[in-house]
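Some notes on the structure that comes next.
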Amino acid sequence: MHASSSNDLSSLEKSLDYKFRKKSLLKEALTHKSFAHEQQKKSIAFNERMEFLGDAVLELIISEYLYKTFSDYTEADLSRMKAYVVQESSLAEAAGSLDLGLYLHLGKGEELTGGRKKPSLLANAFEAILAAIYMDGGYKNAKDFVLGHLVAKMDNLAANNFIFDFKTRLQEVAQARHGVLPRYVTHKEEGPEHKKTFEVKVFINDDVIGSGKGKTKKAAAQKAAEAGLNKIGANNETDI
């Protein structure tokens, strides 16, 4: 399928949950440079410049959401989460959920080499679509589009500590240096049942090397492990 007919565009707009006033923006966002370069007699706009703008808009939207939502995260925490969310695989997954690959204008070479399923092309198309929405409908519509597809990933990452795996790192260091495993103790619980804050301390042998607070015991333990790694000077992968 190619996004060349009005019916195709209408179908995609339903998936995007956004109706374009300027259809040309959507068409440009779906056009890969390989297709444009093959049409030598025509001056066809392709989506690389839109990717550039979309990347910047995406960074702002994600940064704003993380800043407002996770008030107990440090700048380093927020940066790690943002990097994870905006990485190619995350955007390609979001593009896949929209079947963007089906709508791309690709050159023959890209078509033959499976371009419609390439993560790089899909991620770039997602950014280009975002830019098109931003230019056509403004920041609010762009924000709704991004959060509609990526907010669940961010919340899930935070809830399950998939990114901040300082505990595994501290375990490796403690075993290498001391031949023991770190020990985590819940030191304090504060707040109502539905909105608790936990403080966890981490020990190596009988020494407290770090403490951390979080909305869950897991999150607090990760913070404690990070603090412990900083204290013993082992926050880089090469420091054992």
### Query
residue 74 is checked against (1) surrounded by 14 or more Cβ atoms within 10 Å (Cβ to Cβ); (2) among the β-branched types (Val, Ile, Thr); (3) more than 13 Å from residue 151 (Cα to Cα) and fails just one. What number does that condition carry?
(1)
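Please pick out the residue among 138, 148 that is surrounded by fewer than 16 Cβ atoms within 10 Å (Cβ to Cβ), without any contact (Cβ under 8 Å) to a residue 12 or more places away in the chain, out of contact with any strand residue (DSSP E or B) (no Cβ under 8 Å at 6 or more places or on another chain) and within 19 Å of residue 16 (Cα to Cα).
Working: 148 fails: without any contact (Cβ under 8 Å) to a residue 12 or more places away in the chain.
Exactly one residue qualifies, and that residue is 138.
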### Query
Name the pairs: first residue in region 198-227 and without any contact (Cβ under 8 Å) to a residue 12 or more places away in the chain, second residue assigned to a strand (DSSP E or B) and basic (Lys, Arg), Cβ to Cβ under 9 Å, at least 6 apart or on different chains?
208/201
#### Entry: Residue list for region 24-61, restricted to those being surrounded by fewer than 16 Cβ atoms within 10 Å (Cβ to Cβ), among the small types (Gly, Ala, Ser) and modelled with pLDDT of 95 or more
56
## Note on the structure
If we keep only residues of region 65-114 that are of a type in the set (Val, Ile, Thr) and part of a helix (DSSP H, G or I), then the residue nearest to the chain's Cα centre (by Cα) is 85
### Query
What are the pairs, 6+ residues apart or on separate chains, where a residue within region 103-119 that is within 19 Å of residue 45 (Cα to Cα) and among the hydrophobic types (A, V, I, L, M, F, W, C) has its Cβ under 9 Å from a residue that is at pLDDT 90 or above and assigned to a helix (DSSP H, G or I)?
104/121; 104/122; 104/125; 106/121
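Determine whether region 10-23 contains at least one residue that is out of contact with any Leu (no Cβ under 7 Å at 6 or more places or on another chain), of a type outside the set (A, V, I, L, M), within 26 Å of residue 216 (Cβ to Cβ) and surrounded by 15 or more Cβ atoms within 10 Å (Cβ to Cβ). Talk me through it step by step, then tell me what you get.
Step one: of region 10-23, the residues out of contact with any Leu (no Cβ under 7 Å at 6 or more places or on another chain) are 10-14, 17-19, 21-22.
Retained after the next criterion (residues that are of a type outside the set (A, V, I, L, M)): 10-11, 13-14, 17-19, 21-22.
Next, only the ones that are within 26 Å of residue 216 (Cβ to Cβ) stay: none.
So far as region 10-23 goes, no, none of its residues is out of contact with any Leu (no Cβ under 7 Å at 6 or more places or on another chain), of a type outside the set (A, V, I, L, M), within 26 Å of residue 216 (Cβ to Cβ) and surrounded by 15 or more Cβ atoms within 10 Å (Cβ to Cβ).
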### Query
In region 94-124, what residues are of a type in the set (A, V, I, L, M, F, W, C), closer than 13 Å to residue 54 by Cβ and either touching an Asp or Glu at 6+ places or on another chain (Cβ under 8 Å) or modelled with pLDDT under 90 (or both)?
123
### Task
Inspect all residues belonging to region 175-190 and state whether any of them is at negative phi, more than 25 Å from the chain's Cα centre (by Cα) and of a type in the set (Ser, Thr, Tyr).
yes
### Task
Just give me the residues in region 189-206 being assigned to a strand (DSSP E or B) and either over 13 Å from residue 224 (Cα atoms) or modelled with pLDDT under 90 (or both), in sequence order.
189, 190, 197
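The values are calculated or read from the model by the stated rules, or taken from the named source; none is laboratory data. Here the structure is a predicted model, which is why all the values come from computation and not from measurement. Note that each Cβ is placed from the backbone with ideal geometry, even for glycine, and that neighbours are counted across all protein chains shown.
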